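Input: a single structure, listed below in structure tokens.
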């Protein structure tokens, strides 16, 4: 029987290595050998050699997981950083969209921007895993965004391939589909979405498959508008925010059956977004795209690239950001300007 | 004559061609193919690593990949350059590719490795020309396959896209390593002989090849020119595939090798080293 000598690893129970190293993990020992914590006990000198071997001193590097607000400050403080908040119902395609951008960078520049770095590559690969052949799945799926990341960011640094172009950091806040309806229902939940206040762009993702289904259409469309209404009311977005309505899963929306009816419903939602919000935010954009179509067609990469270009290329925050009252002068370009 | 020690960092995932290149350079120093090439002015006191699998290399046979526990002292080469009169000791630590992969998986590195970065004079990054740089996505017609009950495995970071892993390893160096800036990085695309086959439609120019086949790495290096100055080479340190080497092994190793840079082809595998050493 093999088990791990790290006290909090559950390898012996479920075969999952805490460090993700599988059967090759050097921490695995035959049952009977003592754990790391046991080494300090009085009979430590009798511990088997495999356990007692000291590891060379090591230094932790960044985790590759979504950045907490404090970590994101490194980027918002060093240069112009663009914050995009992605919101929408469960399985509306938010994560697929941002994961698609990562995939597109793996094939070349996106919207004329070169990939210049990312602190969250590990998470991007994790998100895309179940859509790759290597994972063993036949039909691609997407890891659902977790509530634990409601106030954290995926990160890209990009740069235009021209001389003297500065790197631009993009911080993408993927708000979970569980939180989305609760934020509409309860103002206090909405106010806990701290990153929204700092967002240059709010992207509302509405599931095209839901619009194509009469049982869900009206509820999803109403919730999208209600969410914007809610965050306008709380002051989390406003004249400085660029608002995007993104209708996802274009392949599902335009299925032959009822295609014109679905298209009409989508057009109506787009029109309502424009008329209701265009005077209350900086600008309204509408998009229709498919990040991971399931009908055998290819993703709408050019539309996604165009959307990405708008995110990176436009912000109403610079220059002339409204300072938050309690912010100190040396917090320029930092989240604390916005009370975050 | 000036005689300094130069430390290079060799970066690459497992089986990227790092060891073959070191063996090939070691042999080439004894028989420089051109007057510009680096030559050898002697043998280092400890050649145990360099001789370990050299017999197999010279015979054109496959040899074991680097074992992390057998690395010991870094391979040392004594070089001289006729054109400038410079002499030196070149240290090429052949770090097992799994060490870099572990950095990506475990998100940590040893303090000794970190400290060694302070003293590097150049970086050699190895990528393979004959393996994909990204995982295959289920897209288009592949999605339309009939469904079955197979469930996906949990994320295995070891199987993440190679170019993503490699970029993150370079990001660790850029953000956490106290390297000299800009640091010269020679990108060596190994198994270049496979690219030059007539039926292969991939770009024959190494820079164009990297941009097309390893785009994320290419973009990352180009857009971080304050940190890295890059040159890209296509390298064949063995000369051919295992099958082809059965015939090619009639030639001495230094006649089998090939390096390509900006359309210039030669047998002088020391070209990237000369560039890193500012001898060009």
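The values are calculated or read from the model by the stated rules, or taken from the named source; none is laboratory data. Remember, it's a predicted structure, so these values are computed and weren't measured experimentally. Neighbour counts are summed over all protein chains in view; Cβ atoms, including those assigned to glycine, are modelled from backbone coordinates with ideal geometry.
Listed values, structure above:
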| item | result |
| --- | --- |
| Those residues of the range A:192-237 which are under 19 Å from the mean Cα position of the chain (by Cα), surrounded by fewer than 21 Cβ atoms within 10 Å (Cβ to Cβ) and part of a helix (DSSP H, G or I), in sequence order | A:194 |
| Filter result for residue A:253 (under 18 Å from the mean Cα position of the chain (by Cα) and closer than 28 Å to residue A:312 by Cβ) | no |
| Evaluation of residue A:212 against (1) touching a helix residue (DSSP H, G or I) at 6+ places or on another chain (Cβ under 6 Å); (2) within 18 Å of residue A:281 (Cβ to Cβ) (one fails), failing number | (2) |
| Helices (runs of 4 or more DSSP H) contained in the range B:192-260 and holding at least 3 residues surrounded by fewer than 17 Cβ atoms within 10 Å (Cβ to Cβ) and at pLDDT below 95 | B:242-248 |
| The range B:177-191: number of residues that are surrounded by fewer than 19 Cβ atoms within 10 Å (Cβ to Cβ) and away from every other protein chain (no Cβ under 14 Å) | 4 |
| Residues (within 14 Å of another protein chain (Cβ to nearest Cβ) and assigned to a strand (DSSP E or B)) located in the range A:70-110 | A:110 |
| Test: residue in the range A:149-157 that is assigned by TED's automatic domain parsing to the domain that holds residue A:196, under 19 Å from the mean Cα position of the chain (by Cα) and assigned to a helix (DSSP H, G or I) | yes |
| Residue selected from the range A:161-184 under the condition farther than 18 Å from residue A:83 by Cβ and out of contact with any helix residue (DSSP H, G or I) (no Cβ under 9 Å at 6 or more places or on another chain), by the criterion surrounded by the most Cβ atoms within 10 Å (Cβ to Cβ) | A:165 |
| Candidates A:149, A:55, filtered to the one that is modelled with pLDDT under 95 and more than 14 Å from chain B (Cβ to nearest Cβ) | A:149 |
| Number of positions in the range A:114-146 that are more than 9 Å from chain B (Cβ to nearest Cβ) and either at pLDDT below 80 or not in a helix (DSSP H, G or I) (or both) | 5 |
| Residue count for the range A:294-304, restricted to those that are closer than 11 Å to residue A:97 by Cα and within 11 Å of chain B (Cβ to nearest Cβ) | 2 |
| Complete set of residues in the range A:73-89 that are at pLDDT 95 or above and surrounded by fewer than 24 Cβ atoms within 10 Å (Cβ to Cβ) | A:89 |
| Members of the range B:133-150 that are within 7 Å of chain A (Cβ to nearest Cβ), assigned to a loop (DSSP other than H, G, I, E, B), loosely packed, with under 14 Cβ neighbours inside 10 Å and modelled with pLDDT under 85 | B:144, B:145, B:147, B:148, B:150 |
| Any hit, the range A:82-105, residues being more than 30 Å from residue A:227 (Cα to Cα) and either touching a strand residue (DSSP E or B) at 6+ places or on another chain (Cβ under 8 Å) or assigned by TED's automatic domain parsing to the domain that holds residue A:250 (or both) | yes |
| Restricting the range A:269-293 to residues that are out of contact with any strand residue (DSSP E or B) (no Cβ under 7 Å at 6 or more places or on another chain) and free of Cβ contacts under 8 Å to residues at least 24 places away in the same chain, the residue that is nearest to the other protein chains (Cβ to nearest Cβ) | A:271 |
